[in-house]
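The values are calculated or read from the model by the stated rules, or taken from the named source; none is laboratory data. None of these values were measured; they are calculated from a predicted model. Note that each Cβ is placed from the backbone with ideal geometry, even for glycine, and that neighbours are counted across all protein chains shown. Surface areas here come from the heavy atoms of the whole protein model, side chains and all, with no ligands, DNA or RNA. Shrake-Rupley method; radii C 1.70, N 1.55, O 1.52, S 1.80 Å.
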Amino acid sequence: MKFSEYLDIYKLHEKPPSTLFHKVVSKNGAKVFSYAFIKLGITPNVISIISLLLLCIASSIISFGSSSYINLIVAIALLQFSYIFDCSDGVVARYTGQSSNFG
């Protein structure tokens with residue numbers, strides 16, 4: 001499947017964005033990553049675990065790291081990737097038929 005074909009399918013499985021930032025940054029990132037996850041055969045549960053790990057690492061950097069700008073930028077980037085992966089796991093679950101009523 002080509003990326004252009006995937007974009008048509010993605011529109012069927014995505015949920016509407018809640019904010020402008022979500023629409024512009026998070027959803028566009030999720031389009032790219034969910035395509036890669038589907039092509040690589042990565043399951044939604046694995047994506048959720050990676051998202052959780054990124055969140056824990058970012059939280060640790062904020063809590064225990066020095067208060068430098070670099071640490072803050074790295075933590076914000078990790079938080080954003082965690083959220084993009086969270087958006088991606090739902091699309092991958094719906095695309096692969098692995099979704100449930102819970103999530």
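Things to note:
- The single condition among (1) in a loop (DSSP other than H, G, I, E, B); (2) open to solvent by 80 Å² or more (accessible area, probe 1.4 Å); (3) of a type in the set (Gly, Ala, Ser) that Ser63 does not meet is (1).
- The condition of being open to solvent by 80 Å² or more (accessible area, probe 1.4 Å) and in a helix (DSSP H, G or I) holds for only one of Asn45, Asn28, that being Asn45.
- Asp86 out of contact with any strand residue (DSSP E or B) (no Cβ under 6 Å at 6 or more places or on another chain), of a type in the set (Asp, Glu), modelled with pLDDT of 90 or more and in a helix (DSSP H, G or I): yes
- Of the criteria (1) open to solvent by 40 Å² or more (accessible area, probe 1.4 Å); (2) touching a residue at least 60 places away in the same chain (Cβ under 8 Å), which one Ser34 fails: (1)
- Scanning the range 11-20 for residues that are at pLDDT 80 or above and either touching a Pro at 6+ places or on another chain (Cβ under 9 Å) or surrounded by 12 or more Cβ atoms within 10 Å (Cβ to Cβ) (or both) yields a total of 0.
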